[in-house]
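So the structure is just underneath, and the comments pick up after that.
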Amino acid sequence: MSDVVEPMIEVKPIIKSLFFVHIPKTAGTSFRKALEAMQPMEKDYGAKACETSPAVRTHMYDVIEPYTLRQLMLTSPFALTGHVHIQKYADFFDIRNIVTFVREPIGQIVSHYNHFVSHNGFKGDFSKFYRSAQFCNLQATYLNGFPVTLLGFTGLTEHYNDSLALINHGLGLKLTPLTQNIAAQTHQNKESLPQAVMDELTQLNQQDMCLYQQALELHNQRMALFEQEKPWAHLHASVNLNDVLHGCAYFASGEEAVTLVVKINGKEQAVVTAQGYCGMFPKFSFPRQRYIGFSLPLAKWRDAGINELELMVSTTGQTYRVDLPDRF
């Protein structure tokens, strides 16, 4: 009896078409290298940067033709990253496949300064650097005001491994922690900054401070649900000039509509399902063909006074606090 040799079947890896918004000095290089080791990646670090991929340079700088680059992605999927604002490639990807990392703002600024002195030839002192408009609220600038609650994943530099665990689970990846791009020389330590400088940095970077605090609260809640093996829902809501609560919601995976309990002053007052058409943020690609919207007139509760407005996902208990207008 002769041995039968089975033909070798090539198993192709699954390519994740995701967009990583690489905000400088937020552990982004570590994440990029981990992802790049596993799948194809195109990079956009500017027209003159050597890291920028040939395809990106050709279609986004030599001649600006984003449609061609997008069609290339559809035929040969890849991840895309770079020091670019989120709007530039937002329409290329499902919103749930857009990832970024943020960092405690003062730590980010100090690290950015050290990098600029060591690698970009910056000659000024630290005060000249952090007072420059281009370095203030840098993280918020990269996100163009887009709500972090709607992004696929917002990792935290200070909780890198936990953030990576969430990303791996949510996107079906197996990325391993790496440490890349560590500053070779320290020109300024955060710990040695006088309190007056810390106060000035805080004042100059209010947008980044608010962004980081929101991302931290988001991370803690998402980790808690992850550990309970409960699904995560992306939420965004506000109250418009007509006193109507409106927003959108969708699960991190799947196409099931999200049902929300509306709590006013701590009491359950209404239930809404996020299944109406949502026209917000037109450049972004949302699930359910954008049928993720909801609204609720608040007039009948406003007369009695609304001091607190909260949404709760009915199936998981996940909560979202809605900021109230000053007129309330």
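The values are calculated or read from the model by the stated rules, or taken from the named source; none is laboratory data. A quick note: this is a predicted structure, and the numbers were derived from the prediction, not measured. Note: ideal-geometry Cβ built from the backbone for every residue, glycine included; neighbour counts use all protein chains shown. Protein only, heavy atoms only, side chains kept; ligands, DNA and RNA dropped before computing areas. Shrake-Rupley method; radii C 1.70, N 1.55, O 1.52, S 1.80 Å.
Past the 25 angstrom mark, what percentage of all C-alpha to C-alpha distances in region 177-275 do you count? Taking all Cα-Cα pairs of region 177-275, the fraction more than 25 Å apart is 48 percent. If you roll a 1.4 Å probe over region 148-246 with all protein chains in place, what percent of the accessible area is carbon or sulfur? Roughly 50 percent of what the probe reaches on region 148-246 is carbon or sulfur. A straight chain from T202 to Y67 at 0.36 nm per residue would run longer than the Cα-Cα distance by 44.5 nm. Compute the FRET efficiency between E255 and D125 as 1/(1 + (r/R0)^6), taking r as their Cβ-Cβ distance and R0 = 56 Å, and round to the nearest 0.05. Computed FRET efficiency for E255 and D125 comes out at 0.55. The alpha carbon centroids of region 283-322 and region 185-240 are separated by 23 Å. P(r) tail, the chain: Cα-Cα pairs separated by more than 33 Å, 35% of all pairs.
Surface exposure of the chain, expressed per residue as accessible area with a 1.4 Å probe, stands at 51 Å². Where a ≥ b ≥ c are the square roots of the eigenvalues of the C-alpha gyration tensor, would you call region 77-136 rounded, which needs a/c under 1.5, or, failing that, prolate if a/b is larger than b/c, or oblate? It is prolate, given that a/c is not under 1.5 and a/b is the larger ratio. Within a straight-line Cα-Cα reach of under 16 Å, K267 can be paired with the following lysines, leaving aside sequence neighbours fewer than 8 residues apart in one chain: K300.
How much length, in nm to one decimal, is gained on full extension between Q214 and E51, taken as 0.36 nm per residue of separation minus their Cα-Cα distance? Please report the intermediate quantities before stating the final value.
Details: separation 163, 0.36 × 163 = 58.68 nm, distance 3.15 nm.
55.5 nm is the gain from fully extending Q214 to E51.
Where Lys and Arg each count +1 and Asp and Glu each count -1, what net charge lies around E310 among other residues with Cβ under 15 Å from its Cβ?
Values: positive: K263, K267, R321; negative: E217, E268, E308, D323.
Its environment carries a net charge of -1.
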